[in-house]
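Here, each number is a calculation from the coordinates, and none is a lab measurement. What you are looking at is a predicted structure, and each value in this text was computed from that prediction instead of being measured. A quick note on method: Cβ atoms are made from the backbone with ideal geometry, for glycine too, and the neighbour counts reach across all protein chains shown.
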Amino acid sequence: MRRDIFQAIADPSRRAIITLIALQAMTPNAIAEHFDTSRQAVSKHLRILTECELVKPEQRGREIYYQLEINKMKEIDKWLEQFRKIWEKRFTQLDTLLSTLKKPKK
């Protein structure tokens, strides 16, 4: 079953996992050390992130390391870009208005 990537990143624990493995690939046990939840809960989050293709498991000897799938993250960024442009335009308009209001009246 393919899950929606936005449902996956809606959960704060999954966002925290993404942040952790953005710097380096980690095993589930190493990830679990950063949380006050069970190893099974972390495994469930990793499964959901894997189903969404946001992370990729890689077998290294007897260990499985999870790493971030940067191309999927780019999909999220691309979707967010439309909103970023709207807000940047609004901030520019606000900045212009504030500059006009600050000018001393003669």
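Spatially, region 74-104 and region 26-61 are offset by 37 Å when compared through their Cα centroids.
Comparing Ile64, Thr92, Trp79 along the charge dipole axis of region 50-106, the residue lying farthest to the positive side is Thr92, per the Cβ-charge model.
To the nearest ten degrees, helix 12-23 and the longest principal axis of the Cα atoms of the chain are 80 degrees apart.
How high is the relative contact order of the chain, in percent, counting Cα pairs under 8 Å that sit 6 or more residues apart?
Values: 80 pairs, mean separation 26.1, N = 106.
With pairs under 8 Å counted, the relative contact order is 25 percent.
Overall, region 5-102 carries a charge dipole of about 180 debye about its Cα centre when +1 sits on the Cβ of Lys and Arg and -1 on the Cβ of Asp and Glu, all other atoms neutral. Within the chain, the ratio Rg/Rh, alpha carbon atoms throughout and Rh by Kirkwood, equals 1.25. Listed peptides 31-40, 8-17, 96-105 appear in the order 8-17, 31-40, 96-105 once ranked by packing, highest mean of other Cβ atoms within 10 Å at the front.
Peptides 48-61, 71-84 ranked from most to least packed by the mean count of surrounding Cβ atoms within 10 Å: 48-61, 71-84.
Subtracting the Cα-Cα distance from 0.36 nm times the residue separation, let me have the gained length for Trp87 to Gln24 in nm, one decimal. Walk me through the intermediate numbers first.
Values: separation 63, 0.36 × 63 = 22.68 nm, distance 3.21 nm.
Gain on extension, Trp87 to Gln24, equals 19.5 nm.
Dividing the summed -39500 (n - 2.57) terms of all DSSP H runs of n ≥ 4 by the residue count of the chain sets its mean residue ellipticity at 222 nm at -21000 deg cm²/dmol.
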